[in-house]
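Note sheet for the following structure.
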Amino acid sequence: MKQVRAKNLDDAGIKAIVGILDGWYGKLTWDLLIDAINLRTHNKYTRQTLHKHERIRNAFELRKMEITKGESATRTVTSPELQKALERIARLEVETKRLESENTQLLEQFVRWAYNANARGLDSDLLNKPLPPVNRGQVKSK
């Protein structure tokens with residue numbers, strides 16, 4: 001039977017996969033992640049495909065590190081509402097750490113760009129110049 005190729009990963013797909021990682025508990029491997037993605041999205045990606053997307057790779061490494069440290073362990077309580085709230089808090093803490101990491105990487109990239117622009121003689125006035133207006137659907141009539 002011929003295997004159907006999964007659709008290309010777009011921003012929404014990457015966001016969904018990173019969301020799966022944010023809520024991940026227990027052992028984490030690329031194969032387990034691929035199975036979880038397939039179960040949720042019905043798309044089977046390879047480890048190489050997932051690894052080449054920086055946001056997914058960074059989220060995977062950060063989550064793996066947190067699990068290894070044991071910081072992702074959740075307490076079991078008798079109240080289902082309290083358990084659900086604790087799980088949500090743990091997930092939001094993981095998401096916050098991931099977003100802080102992404103923000104740091106973007107700030108480092110901005111510093112690199114600013115340095116390279118300055119090295120090439122581009123000043124802040126030129127770099128801060130507004131974008132030209134978009135001319136959508138304008139067709140010259142005869």
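The values are calculated or read from the model by the stated rules, or taken from the named source; none is laboratory data. Model, not experiment: these values are computed from the prediction. Counting neighbours? That spans all protein chains shown, and the Cβs are built from the backbone with ideal geometry, glycine included.
Out of everything in segment 16-32 that is out of contact with any helix residue (DSSP H, G or I) (no Cβ under 7 Å at 6 or more places or on another chain) and assigned to a helix (DSSP H, G or I), what residue ends up being nearest to residue 89 (Cα to Cα)? Talk me through it step by step, then tell me what you get.
Taking segment 16-32 first, the residues out of contact with any helix residue (DSSP H, G or I) (no Cβ under 7 Å at 6 or more places or on another chain) are 19, 25-27, 29, 31-32.
So of that shortlist, the ones also assigned to a helix (DSSP H, G or I) come out as 19, 31-32.
Details: 19: 14, 31: 27, 32: 23 Å.
It comes out as 19.
Among residues belonging to segment 74-103 that are β-branched (Val, Ile, Thr) and closer than 17 Å to residue 22 by Cβ, point out the one that is surrounded by the most Cβ atoms within 10 Å (Cβ to Cβ).
Taking segment 74-103 and keeping what is β-branched (Val, Ile, Thr), we get 74, 76-78, 89, 94, 96.
Then keep just the ones that are closer than 17 Å to residue 22 by Cβ; that gives 74, 89, 94, 96.
Details: 74: 12, 89: 11, 94: 22, 96: 11.
The extreme case among them is 94.
Could you go through segment 47-60 and let me know if any residue there is closer than 28 Å to residue 10 by Cα, modelled with pLDDT under 90 and assigned to a helix (DSSP H, G or I). Break it down into steps so the answer makes sense when it comes.
Filtering segment 47-60 down to residues closer than 28 Å to residue 10 by Cα leaves 47-60.
Those left that are additionally modelled with pLDDT under 90: none.
No, that holds for no residue.
Which condition number does residue 96 fail, the rest of (1) in a loop (DSSP other than H, G, I, E, B); (2) modelled with pLDDT of 90 or more; (3) of a type outside the set (A, V, I, L, M, F, W, C) being met?
Among (1) in a loop (DSSP other than H, G, I, E, B); (2) modelled with pLDDT of 90 or more; (3) of a type outside the set (A, V, I, L, M, F, W, C), residue 96 violates only (1).
Give me the pairs, please: first residue somewhere in segment 95-124 and in contact (Cβ under 8 Å) with a residue 40 or more places away in the chain and at negative phi, second residue anywhere and surrounded by 10 or more Cβ atoms within 10 Å (Cβ to Cβ) and part of a helix (DSSP H, G or I), beta-carbon distance under 6 Å, and either six or more positions apart or on two chains.
Once the first residue is in contact (Cβ under 8 Å) with a residue 40 or more places away in the chain and at negative phi and sits in segment 95-124, its partners that are surrounded by 10 or more Cβ atoms within 10 Å (Cβ to Cβ) and part of a helix (DSSP H, G or I) give 95/22; 98/59; 98/62; 101/62.
Can you tell me which residue is nearest to residue 4 (Cα to Cα) among those in segment 18-35 that are more than 16 Å from the chain's Cα centre (by Cα) and aliphatic (A, V, I, L, M)? Lay out the reasoning, then the answer.
Residues of segment 18-35 more than 16 Å from the chain's Cα centre (by Cα): 25-29, 31-32, 35.
Narrowing further to those that are aliphatic (A, V, I, L, M): 28, 32.
Details: 28: 26, 32: 20 Å.
Once the filter is applied, the top-ranked residue is 32.
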